[in-house]
Amino acid sequence: MEFSSLQKARYAYNPKLPAILREKLSAITIRLGGSLEAIDDQGDLQLFFRKNYGKPLAVFRKGPHADPAYVGRKLNVGVVLSGGQAPGGHNVIAGLFDGLKKGNEESQLFGFLGGPAGLIENKYTVLTAETIDQYRNTGGFDIIGSGRTKIETPDQFAASLKTAREHGLDAVVIIGGDDSNTNAALLAEYFVENVCPIQVIGCPKTIDGDLKNEYIETSFGFDTAVKTYSELIGNIERDANSARKYWHFIKLMGRSASHIALECALQTHPNICFISEEVKAERMSLSQIIDLITDVVVKRADKGDNFGVILIPEGLIEFIPEMNKLIEELNDTMGVYGREFAKIDSFIERLYFLNQYLSETSYDLLKNVPVQIAEQLLLDRDPHGNVQVSRIETEKLLITMTEKRLADLKERGVYTGKFATFGHFFGYEGRCAAPSNFDADYCYSLGFTAFMLIANGRTGYLASVRNLSAPAEQWVAGGVPLTAMMNMEQRHGIKKPVIKKALVDLDGAPFKEFAAKRAHWALNTSYLFPGAIQYFGPPEVCDQPTKTLILERPIRT
C-alpha cells in the first residue's frame, strides 16, 4: 500500500484524551449514579431485558480503583464494526487496543471480519501493534471490514457465544449505530441469561447524527462528514456566485433525521435548506415545497441573481405527508404482492396493477410525478421492506417540478429569469474521509473508554464521552446503559426494543439559529466557504466541533 504525505503525517498525530484517562489505571475509579429508566415503554423493556435493565450511569473520576482485582489483568477482547462506515472507526479500535495494552501487555484484541457475521462465523484476525499503527487517524473501516448482518436468530446468538468462548473472550465491543447497539444490548442480555461472564460494550457511530441523547452528545463520524460536505457545498456556492447562472440542488445523507442538512446550512448559508422534521410538523405538501422554491427563484431573478444553492435531506420525500402515504401504500402492496409485481416489466402495466391496491389520492400522485421518479419509487425494497430513499433522486423531482412551475409563470409574464440547474448527491464522499481532529480525538477516547468499562466489569453499556464543546482534557468519560436509550417500535408487525433515533429538535438552539437567518440567506447571497478540513493549526481552527454541538452544549463558565 502506498501512502500520501498527509496520511504519513496523520499516522504521527497523537489523539488527545480526557485528563482522567491519562491517569494510572489504579488511580481511576468508577462512580455509579442511580438506576436509569428507559426513554419510553419502561414496563415492556424491563420484561425484555430482565438481567440488564435499570443499570446506573457510570462516570470515571480520580480515585483508587473500585476493584483492584481488575487492575492489570490479562484480557481477551473482540471488536466488531457494524453498519455503514463513519470517519474515526479506526481510532476507536486504536484507543481500545492502547487501553488493553496499558492494562496488560499480554492482552489481545480479536478483530472479527466483515461485521457481526465475523463473530457468528468465527472469522477473525488478532490485531497487533504493527497492524494498528497502519490505520491510526485514517478514514474507512478497512482494518477489519464492516457488515449489516444482525445477530437476531437463536442460532446466531448461539454461534456468537460459541465463538466468544472458543477464544476465551472477556468482552465484545460493537462499534455501530442505533440498530447495531440495540443488537449489542440483546447480545449482552443473552450472555448473562446463559450464565456467561462475557461483557458487551457499544460505541456510538453514525454520520447521520441521530444517535444522541442526554448522555451521548454526538455520534462519531458526524463532525468529519458534515465538514467534508460543507467544503463541497462551499466550493459549489463559490462557483455559483462566480458563474451566476446555475441553481444547484444538493441532496445530503440523512434518511431519518436532517442533522447533516442543518449543520451544513449553518456552515455554508445556502439560499434554501429543507429540514424534514419541519416539513412533517408543518404538513407541507409537495406543491407547497415547490411554491417555496419558486418564490425564492423568482425574487432572486428580479434582482438579477439567476443562481442559488438548495440543500435537501435524503429522507425528505418520506416526510412530505402525501408522499409518505404513497410510499407506505407501495411498501404494503409490495410486501403482499411483491412476487406478482416483479414479473411485470412494463411501467404502464405496473401502474395498472397498482391501481387495484392504492388509494385514489396515492395513485393519482404516482401517475403525476415525473416518470423517472415513479420508476424509482417502484424499485426493489430493502431487507426491512422499505423503499430505498437513497436511490430516489429527490433533487431531480424538485428540479423538474420547479421547472414546470416556472414555465407556467413565464407564460403569464410573471417570471422573466433563467433557470439552469445541476443536481448533486453527497453521500459516500463523507463516510470514509480522514477524520477531523475532533473525530480523531473523540473516537480514540471512546475506544479507551470502552476498555475502561470492560476493566471495571461493566456490560450492556455504551461508551460515553461528554462535555465535548470544551477542550479534550475537560471531556467526561463514562458509560450509559444501552437500555436507558430505548423504546419499543413496531417492526414487521412485531414490537421490538430499539434505541430511539434523535430527530432535529425544532425548539432546539441549532434549528432556531437557522430559522432566524434563512429568510436573509434566501434572497441575499450570504455564502460561507468553510474550506477543507483543517488538520494542522491553532486549536480554534483545527479542533473546533460542529456548530450544532456548540449551540446545543455551550460551555458554561
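Computed from the coordinates by the stated procedures, all read-outs in this text should not be read as laboratory data. The model shown is predicted, which means the values in this text are computed figures rather than measured ones. All Cβ positions, even for glycine, are placed from backbone atoms using ideal geometry, and neighbour counts span all protein chains on display.
The table for this structure:
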{"item": "5 angstrom amide H check on residue 247, placed H, neighbours 5+ away", "result": "308, 420, 421, 422"}
{"item": "22 Å Cα cut-off, lysine pairs counted over the stretch 1-131 (separation 8 or more, or different chains)", "result": "13"}
{"item": "Net length gained if the chain between residue 346 and residue 526 were fully extended (0.36 nm per residue, minus Cα distance)", "result": "60.1 nm"}
{"item": "Cα pair distances of the stretch 326-452 binned at 5 Å [whole percent]", "result": "2, 8, 13, 14, 12, 10, 11, 9, 8, 7, 4, 2, 1, 0"}
{"item": "Karplus-derived 3J(HN,Hα), 6.51/-1.76/1.60, for each residue of the stretch 350-362, Hz, glycine and proline x", "result": "5, 4, 4, 5, 5, 4, 6, 10, 8, 5, 4, 5, 5"}
{"item": "Counted charge near residue 74, where neighbours are those whose Cβ lies closer than 15 Å (Asp, Glu -1; Lys, Arg +1)", "result": "0"}
{"item": "Estimated distance in nm for a label pair at residue 535 and residue 31, the labels positioned 7 Å out from Cα along Cα-to-Cβ", "result": "3.8 nm"}
{"item": "Span from the the stretch 259-306 Cα centroid across to the the stretch 131-167 one, whole angstrom", "result": "41 Å"}
{"item": "Spin-label pair residue 62/residue 368, simplified geometry with 7 Å Cα→Cβ offset, distance in nm", "result": "6.8 nm"}
{"item": "Principal axis box of the stretch 318-391, alpha-carbon based, largest edge first, Å", "result": "30, 27, 21"}
{"item": "Environment charge at residue 52 (Cβ cut-off 12 Å; Lys +1, Arg +1, Asp -1, Glu -1)", "result": "+2"}
{"item": "Total formal charge among the other residues, if their Cβ is under 10 angstrom from that of residue 472, Lys/Arg +1 and Asp/Glu -1", "result": "-2"}
{"item": "Contour minus Cα-Cα distance for residue 418 and residue 162 (0.36 nm per residue)", "result": "85.6 nm"}
{"item": "Relative contact order for the stretch 406-508, counting Cα pairs under 8 Å that sit 6 or more residues apart, in percent", "result": "14 percent"}
{"item": "Residue-span extension gain [residue 155 to residue 123] - 0.36 nm each, minus C-alpha spacing", "result": "9.9 nm"}
{"item": "Extent along principal axes [Cα atoms of the stretch 242-390; Å; largest to smallest]", "result": "52, 28, 28"}
{"item": "Percentage relative contact order, the chain, counting C-alpha pairs under 8 Å, at least six apart", "result": "24 percent"}
{"item": "q = 0.13, 0.20 Å⁻¹, the stretch 177-329: log10 I(q)/I(0) [Debye, one scatterer per Cα]", "result": "-0.72, -1.22"}
{"item": "Distant-in-sequence amide H partners of residue 462 (H built 1.01 Å from N, under 5 Å)", "result": "202, 480, 482"}
{"item": "HN-Hα J in Hz across the stretch 88-96 - Karplus 6.51, -1.76, 1.60, θ = phi - 60°, x for Gly and Pro", "result": "x, x, 5, 6, 4, 5, 5, x, 5"}
{"item": "Value of relative contact order over the stretch 257-314, rounded to a whole percent, pairs C-alpha under 8 Å and six or more apart", "result": "52 percent"}
{"item": "Under 5 Å, built H, 5+ apart or other chain: amide partners of residue 172", "result": "78, 199, 200, 201"}
{"item": "Percent of alpha-carbon pairs separated by more than 27 Å within the stretch 389-529", "result": "55 percent"}
{"item": "Kirkwood hydrodynamic radius of the stretch 419-501, Cα pairs, Å", "result": "16.1 Å"}
{"item": "Centre separation in Å (Cα based) which lies between the stretch 211-232 and the stretch 381-458", "result": "13 Å"}
{"item": "Label point distance in nm, residue 239-residue 105, each placed 7 Å from Cα along Cα→Cβ", "result": "5.4 nm"}
{"item": "Bins of 10 Å from zero: percent of alpha-carbon pairs in the stretch 1-127", "result": "10, 24, 36, 25, 5, 1"}
{"item": "DSSP-defined antiparallel bridges as percent of all bridges, the chain, nearest 5", "result": "40 percent"}
{"item": "Translational diffusion of the chain, µm² s⁻¹ [Kirkwood Rh, Cα pairs; Stokes-Einstein; 4 °C; 1.567 mPa s]", "result": "52 µm²/s"}
